[in-house]
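Here's the structure we're looking at; comments come further down.
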Amino acid sequence: MSALAPNHILTVTVENKPGVLSRVAGLFSRRAFNIVSLAVSPTDDERFSRMTIVVDAESAPLEQVVKQLNKLIPVIKIVELTPGEAVERELMLVTVKATPEARSQITELAAIFGAKIDDVGFDAMTIQVAGAPSKLDAISDLLQPFGIVELQRTGRIALPKLARRPARLRAVRTTRAG
C-alpha cells in the first residue's frame with residue numbers, strides 16, 4: 001500500500017463552477033500525468049473550490065504540471081505543499097474478515113490506531129480510520145493477515161502547517177523628556 005515514489009502535493013483554488021473538475025482531470029489525462037489522489041471541496045467563499053491533487057512525481061515534473069494548470073481559466077491559485085510543511089489527512093473504510101476468535105485482536109488494533117468500528121457483521125467488521133497516509137498504510141498492512149474484504153480511501157487533503165513561533169517584535173527606543 002505504501003507509495004514508493006515521491007509525490008507532489010498541490011492545493012489548487014479554482015472557480016466553483018460546473019465542468020472545472022472535468023477540465024483539470026482532462027489536462028492530467030492528456031499530458032499522461034498520474035493522479036495519485038484527488039479531493040475537492042468548497043472553500044469558505046462559495047465562489048471557489050479547493051482541490052488537493054497528489055501527483056506522481058515520476059510521471060509529471062512539477063514545473064510542467066503548474067505551467068499546464070495555470071493555463072486553465074478557472075484556476076485561481078496553485079500552492080505546492082511539501083510533506084514536512086503540510087498537515088495531511090485521509091479517511092479509510094476497511095472491511096476485514098473477523099471470526100469470533102479474531103474480533104478482540106481486530107478491536108485492539110483499531111483502538112491502537114484511534115480507529116472506530118463502524119459496522120459488525122456475522123463474519124466481518126468495518127473499521128473507519130482517519131489520519132496521515134502513513135497511518136492508514138500501517139493499519140492496512142496489519143489488517144491484511146485477517147483478510148481484507150473491501151477497502152476505500154478518500155484521497156488526501158492537506159493544509160500548510162502553522163507557524164510555531166510568534167513574530168519577532170522590534171525593540172523601540174524611547175527617550176524620556178526630562
Where does each of Ile139, Ile157 land when they are ordered by accessible area, with a 1.4 Å probe and the largest first?
Ile157, Ile139
Per-residue HN-Hα couplings for the stretch 13-21, Karplus 6.51 cos²θ - 1.76 cosθ + 1.60 at θ = phi - 60°, whole Hz, x for Gly and Pro?
8, 10, 5, 8, 9, x, x, 5, 4
Each label point is 7 Å from the Cα along the Cα-to-Cβ direction; what then is the distance between the points at Arg23 and Thr99, in nm?
5.6 nm
Just tell me which lysines come within less than 19 Å, Cα to Cα, of Lys71; anything on the same chain fewer than 8 places away is out.
Lys17
Once Arg23, Arg156, Arg30 are ranked on solvent-accessible area with the largest value leading and a 1.4 Å probe, the list reads Arg30, Arg23, Arg156
Rounded to two decimals, the Debye log10 I(q)/I(0) of the stretch 1-99 (Cα scatterers, no solvent) at q = 0.10, 0.18 Å⁻¹ is -0.30, -0.87
From the convex hull of the Cα coordinates of the stretch 92-152, what is the mean projected area in square nanometres?
3.4 nm²
Quick one: order Ile73, Ile35 from most to least accessible surface, probe 1.4 Å.
Ile73, Ile35
Under 21 Å from the Cα of Lys135, which lysines turn up, not counting those fewer than eight places away in the same chain?
Lys97, Lys116, Lys161
Using only the alpha carbons of the chain, what is the convex hull's orientation-averaged projected area in square nanometres?
17.2 nm²
For the stretch 77-173, run through the GluC sites (Glu not before Pro) and keep only the ones in DSSP coil with at most 14 other Cβ atoms within 10 Å of their Cβ.
Glu101
In terms of the charge dipole of the stretch 76-143, which places +1 on Lys and Arg and -1 on Asp and Glu at the beta carbon, the residue among Ala130, Val96, Ser140 farthest towards the positive end is Ala130
With the dipole of the stretch 24-139 worked out from charges on the C-beta (+1 for Lys and Arg, -1 for Asp and Glu) around the Cα centre, which of Val66, Thr107, Leu81 lies farthest toward the positive end?
Val66
Scoring the chain by relative contact order with C-alpha pairs under 8 Å, at least six apart, yields a percentage of 25 percent
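The values are calculated or read from the model by the stated rules, or taken from the named source; none is laboratory data. Just so you know, these numbers come straight off a predicted model, no measurement behind them. Here Cβ is always computed from backbone atoms with ideal geometry, including for glycine, and neighbour counts include all displayed protein chains. Only protein heavy atoms, including side chains, enter the accessible area calculation; ligands, DNA and RNA are left aside. Shrake-Rupley method; radii C 1.70, N 1.55, O 1.52, S 1.80 Å.
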